[in-house]
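Student: Below are the structure tokens for one structure; questions will follow.
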Amino acid sequence: MFRKLLSVGGFTLASRITGFVRDALLAWILGKGILSDAFLVAFLFPNNFRAIFGEGTINPAFLPRYAALYAKGQRDEAARFADQIFSWQMAAQALLLVLAMVFMPHLITLVSPGFVDNPQQFALTVSLARVTFPYLMLTLVAVQLSAMLNAIDRFWAAAAWSNLLNLSMIAALVAWHWFASAAYAAAWGVLLGGVLQLVFILWAGWKEGLWLHLTWPRWTPEVKEFFIAFGAVTIGAASVVISPFIDTIIASLLPTGSRTVLYYADRINQLPLGVLGIALGTVLLPEMSARLARGDRAGSDTAQNRSAALTLLLTLPFVCAFIAIPGTIMRAIFAHGAFDRGAAGLAAQVLAAYGIGLPAMALIRILAPTFYARHDTATPMRATLIAMTCNIALKFVFVWGMGLGVAGIALGTAFGAWINVGVLTWYGRSRELLAIETIFVRSLPAALAAALACGAGAWIGVGLAGRYGDIAALAAAILLAAVFYGAVLAVFRKALPLQRA
């Protein structure tokens, strides 16, 4: 399991690094204003519809079934099942693309009502969204092939292809003078990234003997079972996507640039979530699915508990750092060019709020496979709906009731994630599907101590090097945080879940 985690985590880390370069260029060139807000709303559509029709549904509804067939040696049946799901998905995506292109002004009005009062910003957002939206159809082919590769324990390609989007956007932004504006350069970079990702994953699948064939969609018992699961997962995934759309609506009603600072703070928060939380969840779902298909409940439980322990061990330090030195982080990374220190200060408040929910966002990906691996997609859907309702209500309370502004949006997201964790845990324990083993309980004190040490090291580092500028302060903070964190891990190493699995 560690080898797989390193493969996924390594390529995901590379993706986050190229993503930081991309976002630094976006902040430098677009700044915090009409161009940045318009592009980020346009980029929201393919990103969030992908969560509904991509990893958010294909992985829970498709992967466990495909993995179970493959683990039992029924490879021809697995291939036919994959082709049918692909054919149904492409038919639906073609229809969605046409509708989106025609009704894009109405969609922009729905998600960013504050833009309507600014005709120039509204028209730009509509135009950019029409450029970025086809990315969705291209990337969904990559998503399904990635799920198939993960199911046969081939993780590297599925983790690597996301880098191509970042690289294509970087190239387009560097050459932005050749476009109508920098916002158009970023939008066309998104579309080019989708093309490159598709070509790459087709090549990776072909190397492993995996391919997708477009056939006439048929309503078979396997397809029916998939769509029942898909329906439940789609509701849950749509619920997750509704929250960012609600964030966009709220941010459009706040001062100009609020959507931009929310985006950049979330990008920092996504670094540990993407590299650690998503990597663990990506490896865990096929692992549990295959073990349960072979009747190995004990092995499935141990894999899940080790993943949960690692999740807290690796995400809690970031929580402490995000709370201890958020201003230094945002200024050192983004306060350059058109993105000024005032914007970085506001983004720092958002980052600290997001950090509170970071471990929960990662744990959701560890707890949900309890049900997905057993082909139960309804329970995570119910948990998500409950959490989403609380999430949205809390945002209105925090933003306007308590006057927290854009930071209240992030705080509502954080609390909603912890509510989701609580509901999933309750369902799992009440049905005796979720086992909490010694390996998890024993690691908690070590994880908490190491996290606090990491936060203290970061704070001391900023205090020592702050006079030399934000970049020097961040470098010192990272160095001392790593030293303090490593020292505590060395003391508690026997309690940590670091044995090979």
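The values are calculated or read from the model by the stated rules, or taken from the named source; none is laboratory data. As the structure is a prediction and not an experimental result, all values here were calculated from the model. FYI the Cβ positions are ideal-geometry reconstructions off the backbone, even for glycines, and counts take in every protein chain you see.
Student: Consider Ala348 carefully, then state whether it is touching a Lys or Arg at 6+ places or on another chain (Cβ under 9 Å), touching a residue at least 40 places away in the same chain (Cβ under 8 Å), under 22 Å from Thr260 (Cβ atoms) and part of a helix (DSSP H, G or I). First the steps, then the outcome.
Tutor: Numbers: touching a Lys or Arg at 6+ places or on another chain (Cβ under 9 Å): yes; touching a residue at least 40 places away in the same chain (Cβ under 8 Å): yes; under 22 Å from Thr260 (Cβ atoms): yes; part of a helix (DSSP H, G or I): yes.
Yes; evaluated as a whole, the condition is true for this residue.
Student: To continue, here is another question. Specify the residue that is modelled with the highest pLDDT; the eligible residues are those in the range 372-388 that are surrounded by fewer than 24 Cβ atoms within 10 Å (Cβ to Cβ) and either among the hydrophobic types (A, V, I, L, M, F, W, C) or closer than 11 Å to Val423 by Cβ (or both).
Tutor: Filtering the range 372-388 for residues that are surrounded by fewer than 24 Cβ atoms within 10 Å (Cβ to Cβ) and either among the hydrophobic types (A, V, I, L, M, F, W, C) or closer than 11 Å to Val423 by Cβ (or both), the one modelled with the highest pLDDT comes out as Ile386.
Student: Contact list please: Cβ distance under 7 Å, first residue in the range 193-221 and free of Cβ contacts under 8 Å to residues at least 60 places away in the same chain, second residue outside any helix (DSSP H, G or I) and surrounded by 12 or more Cβ atoms within 10 Å (Cβ to Cβ), pairs at least six apart or on different chains.
Tutor: Here the result reads Gln197/Trp161; Phe200/Trp161; Glu208/Ile152; Glu208/Arg154, each pair linking the range 193-221 to a residue that is outside any helix (DSSP H, G or I) and surrounded by 12 or more Cβ atoms within 10 Å (Cβ to Cβ).
Student: Look through Ala79, Ala100, Ala67 and report the one residue that is small (Gly, Ala, Ser), within 15 Å of Pro46 (Cα to Cα) and assigned to a helix (DSSP H, G or I).
Tutor: None of the others qualify; the one that does is Ala100.
Student: Hey, could you check the range 31-41 for residues that are modelled with pLDDT of 75 or more and over 18 Å from the mean Cα position of the chain (by Cα) and say which is surrounded by the fewest Cβ atoms within 10 Å (Cβ to Cβ)? Give the steps one after another, and end with the answer.
Tutor: So in the range 31-41, the residues modelled with pLDDT of 75 or more come out as 35-41.
After this cut, where a residue has to be over 18 Å from the mean Cα position of the chain (by Cα) as well, the list is 35-39.
Details: Leu35: 22, Ser36: 27, Asp37: 28, Ala38: 29, Phe39: 28.
Per the criteria, the residue is Leu35.
Okay, residues lined up against (1) touching a residue at least 12 places away in the same chain (Cβ under 8 Å); (2) over 23 Å from Ile364 (Cα atoms):
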{"position": "Ala410", "(1), (2)": "yes, no"}
{"position": "Leu424", "(1), (2)": "yes, no"}
{"position": "Ile439", "(1), (2)": "yes, no"}
{"position": "Ala456", "(1), (2)": "yes, yes"}
{"position": "Gly463", "(1), (2)": "no, yes"}
{"position": "Tyr468", "(1), (2)": "no, yes"}
{"position": "Ala473", "(1), (2)": "yes, yes"}
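Student: May I ask you to verify whether Ala435 is over 19 Å from Phe245 (Cβ atoms) and in contact with a Leu (Cβ under 9 Å, 6 or more places away or on another chain)? So that I can check it myself, show each step before the final result.
Tutor: On the way: over 19 Å from Phe245 (Cβ atoms): yes; in contact with a Leu (Cβ under 9 Å, 6 or more places away or on another chain): no.
No, not satisfied.
Student: If you don't mind, there's one more thing I want to ask. Taking Arg65, is it crowded, with 16+ Cβ neighbours inside 10 Å, modelled with pLDDT of 70 or more, basic (Lys, Arg) and under 27 Å from Leu167 (Cα atoms)?
Tutor: Details: crowded, with 16+ Cβ neighbours inside 10 Å: yes; modelled with pLDDT of 70 or more: yes; basic (Lys, Arg): yes; under 27 Å from Leu167 (Cα atoms): no.
Criteria not met by Arg65.
Student: I need the full set of residues from the range 171-187 which are closer than 13 Å to Leu128 by Cβ and surrounded by fewer than 16 Cβ atoms within 10 Å (Cβ to Cβ), in order please. Steps first, answer last, please.
Tutor: Residues of the range 171-187 that are closer than 13 Å to Leu128 by Cβ, as a first pass: 172, 179-187.
Residue satisfying the conditions is Ala180 alone.
Student: For Met137, are the conditions met, namely being assigned to a helix (DSSP H, G or I) and surrounded by fewer than 19 Cβ atoms within 10 Å (Cβ to Cβ)?
Tutor: Working: assigned to a helix (DSSP H, G or I): yes; surrounded by fewer than 19 Cβ atoms within 10 Å (Cβ to Cβ): no.
No; evaluated as a whole, the condition is false for this residue.
Student: May I pose another question? Determine whether the range 310-323 contains at least one residue that is of a type outside the set (Val, Ile, Thr), at pLDDT below 85 and part of a helix (DSSP H, G or I).
Tutor: If we filter the range 310-323 for residues that are of a type outside the set (Val, Ile, Thr), which is where we start, we get 310, 312-314, 316-318, 320-322.
Next, only the ones that are at pLDDT below 85 stay: none.
Taking every residue of the range 310-323 in turn, none turns out to be of a type outside the set (Val, Ile, Thr), at pLDDT below 85 and part of a helix (DSSP H, G or I).
Student: Having 3 or more residues that are farther than 21 Å from Ala27 by Cβ and modelled with pLDDT of 85 or more is the bar; report the helices (runs of 4 or more DSSP H) wholly within the range 155-224 that clear it. First the steps, then the outcome.
Tutor: Numbers: elements: 156-160, 163-174, 182-207.
In the range 155-224, 182-207 are the helices (runs of 4 or more DSSP H) which contain 3 or more residues that are farther than 21 Å from Ala27 by Cβ and modelled with pLDDT of 85 or more.
Student: Criterion first (in contact with a helix residue (DSSP H, G or I) (Cβ under 6 Å, 6 or more places away or on another chain), crowded, with 21+ Cβ neighbours inside 10 Å and over 23 Å from Tyr263 (Cα atoms)) does Ala453 satisfy it?
Tutor: On the way: in contact with a helix residue (DSSP H, G or I) (Cβ under 6 Å, 6 or more places away or on another chain): yes; crowded, with 21+ Cβ neighbours inside 10 Å: yes; over 23 Å from Tyr263 (Cα atoms): yes.
Spelling it out, Ala453 is indeed in contact with a helix residue (DSSP H, G or I) (Cβ under 6 Å, 6 or more places away or on another chain), crowded, with 21+ Cβ neighbours inside 10 Å and over 23 Å from Tyr263 (Cα atoms).
Student: For the range 251-271, enumerate the residues that are within 13 Å of Ala410 (Cβ to Cβ) and either more than 21 Å from the chain's Cα centre (by Cα) or polar (S, T, N, Q) (or both). Show your work before the answer.
Tutor: Applying the first criterion (within 13 Å of Ala410 (Cβ to Cβ)) to the range 251-271 yields 251, 254, 258-259, 261-270.
Passing the criteria: Leu254, Ser258, Asn269, Gln270.
Student: I need the full set of residues from the range 426-448 which are under 20 Å from His375 (Cβ atoms) and of a type in the set (S, T, N, Q), in order please.
Tutor: Ser430
Student: Got a number for residues in the range 63-109 being touching a residue at least 40 places away in the same chain (Cβ under 8 Å) and closer than 29 Å to Arg130 by Cα?
Tutor: Matching residues across the range 63-109 total 16.
Student: Next up: Hey, among the residues in the range 393-404 that are under 24 Å from the mean Cα position of the chain (by Cα) and surrounded by fewer than 19 Cβ atoms within 10 Å (Cβ to Cβ), which one's farthest from Leu292 (Cα to Cα)? It would help to see each step written out before you state the result.
Tutor: Residues of the range 393-404 under 24 Å from the mean Cα position of the chain (by Cα): 393-396, 398-399.
From what is left, the residues that are surrounded by fewer than 19 Cβ atoms within 10 Å (Cβ to Cβ) are 393, 396.
On the way: Ala393: 38, Phe396: 42 Å.
Step by step, filter the range 393-404, then rank; the result is Phe396.
Student: While we're looking at this one, here's another question. Among (1) in contact with a Leu (Cβ under 9 Å, 6 or more places away or on another chain); (2) loosely packed, with under 15 Cβ neighbours inside 10 Å, there is one condition Val116 misses while meeting the rest; what is its number?
Tutor: (1) is the only condition that Val116 fails.
Student: OK, next. Can you find a residue in the range 416-433 that is buried (at least 22 other Cβ atoms within 10 Å of the Cβ) and not aliphatic (A, V, I, L, M)?
Tutor: Checking the range 416-433: at least one residue is buried (at least 22 other Cβ atoms within 10 Å of the Cβ) and not aliphatic (A, V, I, L, M).
Student: Further, regarding this structure: Quick one: would you say Ala360 is at pLDDT 90 or above, of a type in the set (A, V, I, L, M), within 21 Å of Asp301 (Cα to Cα) and in a helix (DSSP H, G or I)? Before you say what the answer is, go through the steps one by one.
Tutor: Numbers: at pLDDT 90 or above: yes; of a type in the set (A, V, I, L, M): yes; within 21 Å of Asp301 (Cα to Cα): yes; in a helix (DSSP H, G or I): yes.
The answer is yes for Ala360.
Student: Of the residues Gly114, Gly73, Gly56, only one is outside any helix (DSSP H, G or I), at pLDDT below 85 and not aliphatic (A, V, I, L, M); which? Before the answer, list the steps.
Tutor: Details: Gly114 fails: outside any helix (DSSP H, G or I); Gly56 fails: outside any helix (DSSP H, G or I).
Answer to the check: Gly73.
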